[in-house]
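The values are calculated or read from the model by the stated rules, or taken from the named source; none is laboratory data. Keep in mind that what you see is a predicted model, and the values were worked out from it rather than measured. Please note: Cβ atoms are built from the backbone with ideal geometry, for glycine as well, and neighbour counts cover all protein chains shown. Side chains are part of the model used for accessible areas, which takes the heavy atoms of the whole protein and leaves out ligands, DNA and RNA. Shrake-Rupley method; radii C 1.70, N 1.55, O 1.52, S 1.80 Å.
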Amino acid sequence: MVQIVISSKAGDGPPEWLLVELQGEMVSRQNTGLAGNLMGDLHYTKEGVPVLIVGHHILYGKQVKLEKPFAVLMKHSGLPQDNEVAMESSQEKPTTYSVSALIKKKLIFKTRPKPIITNVPKKV
């Protein structure tokens, strides 16, 4: 039987994140991936409608509650680190997980992006 230890920090609990669901795919210009890069600007209207601006395009979405929330887990290996010396292999700690965030809601952008058009001067 495998036992997995999951813990969370004491206090208010883990922060709540939002999941963003897009129709289609996002590709970076340099083909380096999206990790750590700015994707766009997320705003909300006065009515609470999420608005995502990506480049010269705008997307309108909606916020929905997930049927089953997700937990974002951080794995803490029981193996000794580089700076730690294991006396014996029997002294290894078990692998544990800690909850770093919860995802209870998601933003859905399922319509096609609309181009942002600025004021075009009239021909004289």
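The figures follow:
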item: Selection count where residues are in contact with a Pro (Cβ under 7 Å, 6 or more places away or on another chain) and either open to solvent by 100 Å² or more (accessible area, probe 1.4 Å) or at pLDDT 70 or above (or both), scope the stretch 75-105; result: 7
item: Matching strands (runs of 3 or more DSSP E) fully within the stretch 18-74 where at least 3 residues are surrounded by 10 or more Cβ atoms within 10 Å (Cβ to Cβ) and not hydrophobic (A, V, I, L, M, F, W, C); result: 41-44
item: Residue under evaluation Val20, criteria (1) of a type outside the set (Lys, Arg); (2) modelled with pLDDT under 80; (3) under 21 Å from Lys65 (Cβ atoms); (4) within 18 Å of the chain's Cα centre (by Cα), criterion not met; result: (2)
item: Members of the stretch 106-124 found to be within 14 Å of Lys62 (Cα to Cα) and surrounded by fewer than 15 Cβ atoms within 10 Å (Cβ to Cβ), listed by number; result: Lys110, Thr111, Arg112
item: Pair list, Cβ under 6 Å, 6 or more apart: the stretch 98-121 residue in contact (Cβ under 8 Å) with a residue 60 or more places away in the chain, other residue open to solvent by 80 Å² or more (accessible area, probe 1.4 Å) and among the basic types (Lys, Arg); result: Lys105/Lys65; Ile108/Lys62
